[in-house]
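Read-outs throughout are calculated quantities, based only on the coordinates presented, and are distinct from any laboratory measurement. All figures in this text were calculated on a predicted structure; none of them were measured in a lab. Here Cβ is always computed from backbone atoms with ideal geometry, including for glycine, and neighbour counts include all displayed protein chains.
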Amino acid sequence: MASDGEEQDAYILGVNKPVEEFTGEVIAIIHRLNDVEDKWVVAPEDELYSKEQIEEQVQFQEKYFEYEIECAEE
């Protein structure tokens, strides 16, 4: 559960179709500095993305927030 009491939100990278369920690996966390929610960044196993690649993929939504990206492979 997320800090807002709802289920955790996640961006799924590497999948280009709608999914109802997905099993992958959390590769990063987006810490929103001006919001109560963090977002997980999930990708298929063995697929890695740089901070820059993650930022490109989530910018459509995250452009409205101040945030930092913490990658699992740092």
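Across region 42-51, the qualifying residues are those that are out of contact with any Leu (no Cβ under 7 Å at 6 or more places or on another chain) and either of a type in the set (S, T, N, Q) or part of a loop (DSSP other than H, G, I, E, B) (or both), and the one among them that is nearest to H31 (Cα to Cα) is S50. Listed by first and then second residue, the pairs with beta-carbon distance under 8 Å, at least 6 apart or on different chains, first residue in region 18-40 and surrounded by 13 or more Cβ atoms within 10 Å (Cβ to Cβ), second outside any loop (DSSP other than H, G, I, E, B) and small (G, A, S), are G24/A43; E25/A43; I27/A43; K39/A10; W40/A10; W40/A28. Scan region 52-64 and tell me whether some residue there is touching a residue at least 24 places away in the same chain (Cβ under 8 Å), of a type in the set (D, E), surrounded by fewer than 13 Cβ atoms within 10 Å (Cβ to Cβ) and not in a loop (DSSP other than H, G, I, E, B). No: region 52-64 contains no residue that is touching a residue at least 24 places away in the same chain (Cβ under 8 Å), of a type in the set (D, E), surrounded by fewer than 13 Cβ atoms within 10 Å (Cβ to Cβ) and not in a loop (DSSP other than H, G, I, E, B).
Inspect all residues belonging to region 11-30 and state whether any of them is of a type in the set (D, E, K, R) and in contact with a Lys or Arg (Cβ under 8 Å, 6 or more places away or on another chain).
no
Of all residues in region 8-17, how many are assigned to a strand (DSSP E or B) and loosely packed, with under 13 Cβ neighbours inside 10 Å? Summing the residues that are assigned to a strand (DSSP E or B) and loosely packed, with under 13 Cβ neighbours inside 10 Å in region 8-17 gives 0.
Can I30 be described as out of contact with any helix residue (DSSP H, G or I) (no Cβ under 9 Å at 6 or more places or on another chain) and not in a loop (DSSP other than H, G, I, E, B)? Break it down into steps so the answer makes sense when it comes.
On the way: out of contact with any helix residue (DSSP H, G or I) (no Cβ under 9 Å at 6 or more places or on another chain): no; not in a loop (DSSP other than H, G, I, E, B): yes.
No, not satisfied.
When E68 is tested against (1) part of a strand (DSSP E or B); (2) surrounded by 15 or more Cβ atoms within 10 Å (Cβ to Cβ), only condition (2) is not met. Within region 26-67, the only residue that satisfies the criterion of being within 10 Å of G14 (Cβ to Cβ) and of a type in the set (S, T, N, Q) is Q57.
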